[in-house]
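A.B. asks: After the structure tokens below, expect a handful of questions from me.
Computed from the coordinates by the stated procedures, all read-outs in this text should not be read as laboratory data. If you're wondering where the values come from, they're calculated on a predicted model, not measured in any experiment. Cβ coordinates were reconstructed from backbone atoms using ideal geometry, including for glycine residues, and neighbour counts include every protein chain displayed.
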Amino acid sequence: MSGKLLRFLNGRNNGALRSWLDDHKGEPRIAWYPSAGRDFRDLLYLHPKNPPRRPEPRCPDIFLHTDYGFWATPTFPDTCNIYCDKRTSVVLESVEELPRLDIPCDNQIVDFPKTSHVNGRVLFLEVKVTSDVFEEFSAPIVYAFVENAAFCAKCIFPQEGKFSHIVHIRFGGGLGGGGKSTGIWMLNILRKLRCECFITDSHYAIQSGDERVYALYPELAGPADRGQLEPIKTIPEKDWSGHGDVSWNILKTTRTCD
């Protein structure tokens, strides 16, 4: 129930996210990008003008970014200009403060958990992207400044969240370091979250932070089966990750014996 998760994050607010939910027909398709940092390239790679080809799933309607935010500056996320280079610019058109999420940020999973001034904040962002490929478009993002595993165990699972896409790119550092987990635990929950497409740079191995995740949140544990992934598209690491080529993967159909 993707809408249930978004309504939970919205709380009693009667602002832009509530209007978006009221206007949207059916269950929203959410792309979740844990450990996103300041990276908004998922908006480009999952844009409707970059049409998916079978068996790639349809594009998301809304994006959910999570990161505990140790890298945040005194002006981010409160500055309008998020990113700009010769090819692409990302600008905040509007920001709505949603109810806080004061969930654990364990220092055995992340570095510097008490130094972030944004930790616990949840924002609904309306972002304008200008690129030399797609010209100009807007996208809705819910950004929760929380630790990813705790958010999954304490918010996503209880609210029956499901996702059309999950993005696992340079997990643990938001493109800048700061984590002790590679997020290998995500392989254990793809089916639980009804994930249609898992986008990954395959940068995962069990680190101390992942062991801590399993100890704190046993519901995230499992066999970490990489064999469940069926690649359908790949782009070079230089285009997004820097940690490895990035593949789009659907989950192989589970067959049972009679």
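A.B. asks: Under a 10 Å cutoff between Cα atoms, tell me which one of 81, 14, 119 has the largest fluctuation in the Gaussian network model of the chain.
C.D. replies: The residue with the greatest mean-square fluctuation here is 14.
A.B. asks: Over the chain, what is the mean sequence separation of C-alpha contacts under 8 Å (at least six apart), divided by residue count, expressed as relative contact order in percent?
C.D. replies: Here the relative contact order equals 20 percent.
A.B. asks: Name the residues whose placed amide hydrogens come within less than 5 Å of the amide hydrogen of residue 83, ignoring near sequence neighbours (fewer than 5 apart) on the same chain.
C.D. replies: HN-HN under 5 Å from residue 83: 90.
A.B. asks: Right, next: Per the Kirkwood treatment, what hydrodynamic radius in Å, one decimal, follows for the chain from the mean inverse distance over all distinct Cα pairs?
C.D. replies: This gives a value of 18.5 Å.
A.B. asks: Please report the spacing between the Cα centers of segment 191-258 and segment 123-183 in Å, no decimals.
C.D. replies: After rounding, the separation between the Cα centres reads 15 Å.
A.B. asks: Can you pull the one-decimal nm distance between simple spin-label points at residue 12 and residue 154, each 7 Å off the Cα toward Cβ?
C.D. replies: With each label point 7 Å from Cα toward Cβ, the separation is 2.1 nm.
A.B. asks: Return the long-range amide H neighbours of residue 127 (sequence gap of 5 or more, or a different chain), with a cut-off of under 5 Å between placed amide H atoms.
C.D. replies: Here 93, 139, 141 satisfy the definition.
A.B. asks: Here's something else I'd like to know. Under 26 Å from the Cα of residue 25, which lysines turn up, not counting those fewer than eight places away in the same chain?
C.D. replies: Once the sequence-local lysines are set aside, what remains near residue 25 is 4, 49, 128, 162, 192.
A.B. asks: Can you list the DSSP H helices in the chain whose Cα atoms extend at least 27 Å along the helix axis and whose mean Kyte-Doolittle hydropathy is -0.5 or higher?
C.D. replies: Helices passing the filter in the chain: none found.
A.B. asks: Right, something else. Mind pulling up the Rg/Rh value for segment 178-219? Radius of gyration and Kirkwood radius, both on Cα.
C.D. replies: With Rh from the inverse mean 1/r over Cα pairs, Rg/Rh is 0.98.
A.B. asks: Another question about this same structure. Amide H to amide H under 5 Å from residue 233: which residues, 5+ apart in sequence or cross-chain, H placed 1.01 Å off N in plane?
C.D. replies: 248
A.B. asks: If I build a Gaussian network model for the chain, linking alpha-carbon pairs within less than 10 angstrom, which residue out of 68, 214, 204 has the largest mean-square fluctuation?
C.D. replies: 214
A.B. asks: Give me the extension gain from residue 238 to residue 132: residue separation times 0.36 nm, minus the current Cα-Cα distance, reported in nm with one decimal.
C.D. replies: Result: 36.4 nm gained on full extension.
A.B. asks: Could you let me know the centre-to-centre spacing of segment 83-107 and segment 1-69, using Cα atoms, in angstrom?
C.D. replies: After rounding, the separation between the Cα centres reads 13 Å.
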